[in-house]
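The values are calculated or read from the model by the stated rules, or taken from the named source; none is laboratory data. Here the structure is a predicted model, which is why all the values come from computation and not from measurement. Here the Cβ is made from the backbone with ideal geometry for all residues, glycine too, and neighbour counts use every protein chain on show. Keep in mind that these areas ignore ligands, DNA and RNA; they rest on the heavy atoms of the full protein, side chains included. Shrake-Rupley method; radii C 1.70, N 1.55, O 1.52, S 1.80 Å.
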Amino acid sequence: MDLYEAMRCAPTSRRFKPDPVPREALLRALEAARFAPSGGNRQGWRVVVVEDPERRAALRDLYLPHWRAYTEQTGAALMLADPDAFDAARVRVVRGADDYANGLAEVPMHLVVGVRLEDLAVTDAALGRQSIVGGASVYPFVQNLLLALRGEGLGAALTTLLVPAEDEVRRLLEIPEDIALAAHIGVGYRAGEWPTRLARRPVQEFAFSERYGVPLR
Ligand SMILES: Cc1cc2nc3c(=O)[nH]c(=O)nc-3n(C[C@H](O)[C@H](O)[C@H](O)COP(=O)(O)O)c2cc1C
(Lines give C-alpha, C1' and ligand atoms only; values in the text may rest on other atoms or scores of the structure.)
Protein backbone atom coordinates (compact mmCIF):
# COMPACT_ATOMS: atom_id res chain seq x y z
CA MET A 1 0.00 0.00 0.00
CA ASP A 2 1.25 3.45 -0.88
CA LEU A 3 2.38 5.39 2.21
CA TYR A 4 0.15 8.41 1.62
CA GLU A 5 -2.81 6.20 0.86
CA ALA A 6 -2.28 4.31 4.14
CA MET A 7 -2.02 7.60 6.06
CA ARG A 8 -5.21 8.91 4.53
CA CYS A 9 -7.34 5.84 5.00
CA ALA A 10 -6.41 4.14 8.25
CA PRO A 11 -9.64 4.71 10.17
CA THR A 12 -10.61 3.34 13.56
CA SER A 13 -12.06 -0.11 12.96
CA ARG A 14 -14.54 -1.12 15.64
CA ARG A 15 -16.20 -4.16 14.07
CA PHE A 16 -14.18 -7.22 13.13
CA LYS A 17 -14.57 -10.57 11.46
CA PRO A 18 -13.88 -13.47 13.83
CA ASP A 19 -10.82 -14.60 11.82
CA PRO A 20 -7.56 -14.65 13.77
CA VAL A 21 -4.73 -12.27 12.91
CA PRO A 22 -1.96 -14.17 11.10
CA ARG A 23 1.15 -14.20 13.25
CA GLU A 24 3.36 -13.33 10.21
CA ALA A 25 1.29 -10.20 9.52
CA LEU A 26 1.62 -9.05 13.14
CA LEU A 27 5.35 -9.74 13.14
CA ARG A 28 5.85 -7.82 9.88
CA ALA A 29 3.92 -4.86 11.33
CA LEU A 30 5.95 -4.86 14.56
CA GLU A 31 9.14 -5.27 12.57
CA ALA A 32 8.37 -2.11 10.57
CA ALA A 33 6.89 -0.13 13.51
CA ARG A 34 10.10 -0.47 15.55
CA PHE A 35 11.81 2.08 13.30
CA ALA A 36 9.80 4.83 14.99
CA PRO A 37 11.69 7.74 16.56
CA SER A 38 12.01 8.10 20.35
CA GLY A 39 13.86 10.54 22.62
CA GLY A 40 17.53 9.48 22.75
CA ASN A 41 16.56 6.49 20.61
CA ARG A 42 15.68 4.71 23.87
CA GLN A 43 12.87 2.68 22.23
CA GLY A 44 11.07 2.21 25.54
CA TRP A 45 7.90 0.72 24.03
CA ARG A 46 6.78 -2.75 25.05
CA VAL A 47 3.84 -4.69 23.59
CA VAL A 48 1.86 -7.56 25.12
CA VAL A 49 -0.11 -9.44 22.47
CA VAL A 50 -3.28 -10.96 23.92
CA GLU A 51 -5.34 -13.54 22.04
CA ASP A 52 -6.42 -15.85 24.86
CA PRO A 53 -10.25 -15.58 25.18
CA GLU A 54 -10.22 -15.37 28.98
CA ARG A 55 -7.63 -12.61 29.03
CA ARG A 56 -9.54 -10.71 26.33
CA ALA A 57 -12.68 -10.97 28.48
CA ALA A 58 -10.72 -9.75 31.49
CA LEU A 59 -9.48 -6.76 29.48
CA ARG A 60 -13.07 -6.00 28.44
CA ASP A 61 -14.16 -6.11 32.08
CA LEU A 62 -11.41 -3.62 32.97
CA TYR A 63 -12.22 -1.36 30.02
CA LEU A 64 -16.00 -1.17 30.37
CA PRO A 65 -16.32 0.80 33.65
CA HIS A 66 -13.99 3.47 32.26
CA TRP A 67 -15.87 3.59 28.98
CA ARG A 68 -19.17 3.98 30.85
CA ALA A 69 -17.73 6.73 33.05
CA TYR A 70 -16.46 8.46 29.89
CA THR A 71 -19.90 8.32 28.27
CA GLU A 72 -21.42 9.90 31.39
CA GLN A 73 -18.81 12.67 31.52
CA THR A 74 -19.01 13.55 27.83
CA GLY A 75 -22.76 13.33 27.35
CA ALA A 76 -22.39 10.31 25.07
CA ALA A 77 -24.62 8.36 27.46
CA LEU A 78 -27.46 10.81 26.70
CA MET A 79 -26.99 10.16 22.97
CA LEU A 80 -27.21 6.42 23.52
CA ALA A 81 -30.33 6.83 25.65
CA ASP A 82 -32.14 9.22 23.27
CA PRO A 83 -30.51 8.95 19.83
CA ASP A 84 -33.27 10.79 17.95
CA ALA A 85 -32.47 14.00 19.81
CA PHE A 86 -28.93 14.17 18.40
CA ASP A 87 -27.08 14.44 15.12
CA ALA A 88 -27.24 11.04 13.39
CA ALA A 89 -23.56 10.96 12.39
CA ARG A 90 -22.39 11.63 15.96
CA VAL A 91 -24.76 9.02 17.32
CA ARG A 92 -23.33 6.50 14.82
CA VAL A 93 -19.77 7.07 16.10
CA VAL A 94 -20.82 6.83 19.77
CA ARG A 95 -22.85 3.68 19.06
CA GLY A 96 -19.87 2.18 17.25
CA ALA A 97 -17.62 2.97 20.21
CA ASP A 98 -20.19 1.55 22.63
CA ASP A 99 -20.58 -1.66 20.62
CA TYR A 100 -16.79 -1.89 20.42
CA ALA A 101 -16.49 -1.58 24.21
CA ASN A 102 -19.21 -4.16 24.88
CA GLY A 103 -17.77 -6.55 22.31
CA LEU A 104 -14.12 -6.10 23.25
CA ALA A 105 -13.72 -9.76 24.25
CA GLU A 106 -14.58 -10.78 20.67
CA VAL A 107 -11.92 -8.57 19.07
CA PRO A 108 -9.46 -11.22 17.83
CA MET A 109 -6.23 -9.64 19.01
CA HIS A 110 -5.45 -7.08 21.69
CA LEU A 111 -2.17 -5.20 21.75
CA VAL A 112 -1.41 -3.64 25.11
CA VAL A 113 1.28 -1.03 24.58
CA GLY A 114 3.39 0.19 27.47
CA VAL A 115 6.52 2.25 27.81
CA ARG A 116 9.45 2.10 30.22
CA LEU A 117 9.16 5.27 32.25
CA GLU A 118 12.89 5.66 32.66
CA ASP A 119 13.27 5.74 28.87
CA LEU A 120 11.12 8.86 28.55
CA ALA A 121 12.79 12.23 28.03
CA VAL A 122 10.12 14.50 29.53
CA THR A 123 11.39 17.94 28.57
CA ASP A 124 8.21 19.77 29.65
CA ALA A 125 8.07 18.30 33.16
CA ALA A 126 8.94 21.61 34.87
CA LEU A 127 6.49 23.82 32.97
CA GLY A 128 3.69 23.63 35.55
CA ARG A 129 1.12 22.47 33.03
CA GLN A 130 -0.04 19.08 31.86
CA SER A 131 2.97 17.25 30.44
CA ILE A 132 2.69 16.07 26.85
CA VAL A 133 6.23 15.24 25.81
CA GLY A 134 6.58 11.81 27.46
CA GLY A 135 4.05 10.40 25.04
CA ALA A 136 6.16 11.57 22.11
CA SER A 137 8.51 8.65 22.75
CA VAL A 138 5.83 6.00 22.40
CA TYR A 139 3.01 7.28 20.18
CA PRO A 140 5.09 7.54 17.00
CA PHE A 141 5.63 3.78 17.45
CA VAL A 142 1.89 3.30 17.99
CA GLN A 143 1.04 5.24 14.83
CA ASN A 144 3.66 3.31 12.85
CA LEU A 145 2.00 0.14 14.07
CA LEU A 146 -1.47 1.33 13.06
CA LEU A 147 -0.22 2.18 9.57
CA ALA A 148 1.64 -1.10 9.21
CA LEU A 149 -1.45 -3.05 10.29
CA ARG A 150 -3.44 -1.09 7.71
CA GLY A 151 -0.84 -2.04 5.13
CA GLU A 152 -1.41 -5.68 6.10
CA GLY A 153 -5.13 -5.23 5.41
CA LEU A 154 -5.95 -5.32 9.12
CA GLY A 155 -8.24 -2.97 11.00
CA ALA A 156 -7.33 -1.49 14.37
CA ALA A 157 -8.79 0.66 17.12
CA LEU A 158 -6.51 2.75 19.30
CA THR A 159 -7.96 3.59 22.70
CA THR A 160 -6.59 4.80 26.00
CA LEU A 161 -9.43 3.93 28.39
CA LEU A 162 -7.57 0.90 29.71
CA VAL A 163 -4.82 3.14 31.04
CA PRO A 164 -6.79 4.19 34.17
CA ALA A 165 -6.96 0.44 34.96
CA GLU A 166 -3.17 0.24 34.76
CA ASP A 167 -2.68 -1.57 38.09
CA GLU A 168 -5.20 -4.29 37.25
CA VAL A 169 -3.84 -4.66 33.69
CA ARG A 170 -0.35 -4.94 35.14
CA ARG A 171 -1.45 -7.77 37.42
CA LEU A 172 -3.37 -9.53 34.63
CA LEU A 173 -0.52 -9.43 32.11
CA GLU A 174 2.39 -9.53 34.58
CA ILE A 175 3.71 -6.18 33.39
CA PRO A 176 6.53 -4.85 35.60
CA GLU A 177 6.13 -1.71 37.74
CA ASP A 178 8.51 0.39 35.64
CA ILE A 179 6.30 0.09 32.55
CA ALA A 180 3.42 2.59 32.17
CA LEU A 181 0.45 1.76 29.97
CA ALA A 182 0.17 3.96 26.89
CA ALA A 183 -2.50 2.43 24.68
CA HIS A 184 -4.70 -0.50 23.83
CA ILE A 185 -5.10 -1.53 20.19
CA GLY A 186 -7.82 -3.93 19.12
CA VAL A 187 -6.82 -5.69 15.90
CA GLY A 188 -8.58 -7.91 13.38
CA TYR A 189 -9.96 -8.05 9.87
CA ARG A 190 -12.40 -5.19 9.51
CA ALA A 191 -16.06 -6.12 9.07
CA GLY A 192 -17.55 -3.94 6.35
CA GLU A 193 -16.04 -1.60 3.80
CA TRP A 194 -13.02 0.63 4.30
CA PRO A 195 -13.98 4.30 4.06
CA THR A 196 -12.36 6.19 1.22
CA ARG A 197 -12.30 9.54 2.99
CA LEU A 198 -11.87 10.29 6.70
CA ALA A 199 -13.37 13.37 8.35
CA ARG A 200 -10.42 15.66 9.11
CA ARG A 201 -9.85 19.41 9.23
CA PRO A 202 -8.06 20.98 6.26
CA VAL A 203 -4.38 22.00 6.51
CA GLN A 204 -5.25 25.71 6.44
CA GLU A 205 -7.03 25.36 9.80
CA PHE A 206 -4.02 24.13 11.74
CA ALA A 207 -0.81 25.04 9.90
CA PHE A 208 0.48 28.62 9.81
CA SER A 209 3.22 30.56 8.15
CA GLU A 210 5.94 32.12 10.33
CA ARG A 211 3.53 33.27 13.04
CA TYR A 212 0.53 31.53 14.62
CA GLY A 213 -2.66 32.42 12.84
CA VAL A 214 -1.02 33.61 9.62
CA PRO A 215 -2.46 31.52 6.78
CA LEU A 216 -0.08 29.09 5.10
CA ARG A 217 -0.33 29.36 1.33
C1 LIG B 1 -5.89 9.02 22.23
C2 LIG B 1 -7.05 8.38 21.55
C3 LIG B 1 -8.05 7.80 22.30
C4 LIG B 1 -9.15 7.20 21.69
N5 LIG B 1 -10.10 6.59 22.46
C6 LIG B 1 -11.12 5.95 21.87
C7 LIG B 1 -12.10 5.25 22.66
O8 LIG B 1 -12.04 5.23 23.88
N9 LIG B 1 -13.08 4.59 22.02
C10 LIG B 1 -13.18 4.57 20.66
O11 LIG B 1 -14.09 3.93 20.14
N12 LIG B 1 -12.29 5.25 19.87
C13 LIG B 1 -11.26 5.91 20.45
N14 LIG B 1 -10.33 6.57 19.69
C15 LIG B 1 -10.50 6.62 18.22
C16 LIG B 1 -11.06 7.99 17.80
O17 LIG B 1 -12.40 8.07 18.18
C18 LIG B 1 -10.87 8.14 16.28
O19 LIG B 1 -9.51 8.22 15.99
C20 LIG B 1 -11.55 9.41 15.74
O21 LIG B 1 -12.91 9.42 16.06
C22 LIG B 1 -11.42 9.48 14.23
O23 LIG B 1 -12.12 8.40 13.68
P24 LIG B 1 -11.68 7.76 12.27
O25 LIG B 1 -10.21 7.50 12.37
O26 LIG B 1 -12.44 6.48 12.15
O27 LIG B 1 -11.99 8.74 11.22
C28 LIG B 1 -9.24 7.19 20.27
C29 LIG B 1 -8.23 7.77 19.52
C30 LIG B 1 -7.15 8.34 20.13
C31 LIG B 1 -6.04 8.94 19.28
How do the peptides 120-132, 101-113, 46-58, 195-207 rank, highest first, by the average count of neighbouring beta carbon atoms within 10 Å per residue?
101-113, 46-58, 120-132, 195-207
Return the FRET efficiency for the residue pair Asp178, Gln143: r is the Cβ-Cβ distance, R0 is 30 Å, and the value is rounded to the nearest 0.05.
0.80
Candidate span helices, the chain: DSSP H, at least 20 Å along axis from Cα coords, Kyte-Doolittle average at least -1.0, result 88-102
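Counting only protein heavy atoms and a 1.4 Å probe, tell me what percentage of the chain's accessible area is made up of carbon and sulfur.
Values: 6720 of 13020 Å².
Within the chain, the accessible surface is 52 percent carbon and sulfur.
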Sort 141-148, 91-98, 167-174 by packing, meaning the average of other beta carbons within 10 Å per residue, with the highest value first.
141-148, 91-98, 167-174
In whole angstrom, how long is each semi-axis of the equivalent ellipsoid of the chain, when you take the square root of 5 times every eigenvalue of its Cα gyration tensor and sort them from largest down?
26, 25, 21
Per residue accessible area of the chain, 1.4 Å probe, in Å²
60 Å²
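Using a 10 Å cut-off on Cβ atoms, rank the peptides 8-14, 66-72, 181-187, 35-41 from the highest mean neighbour count down. Walk me through the intermediate numbers first.
On the way: 8-14: 18.1, 66-72: 15.9, 181-187: 23.7, 35-41: 13.3.
Descending mean neighbour count gives 181-187, 8-14, 66-72, 35-41.
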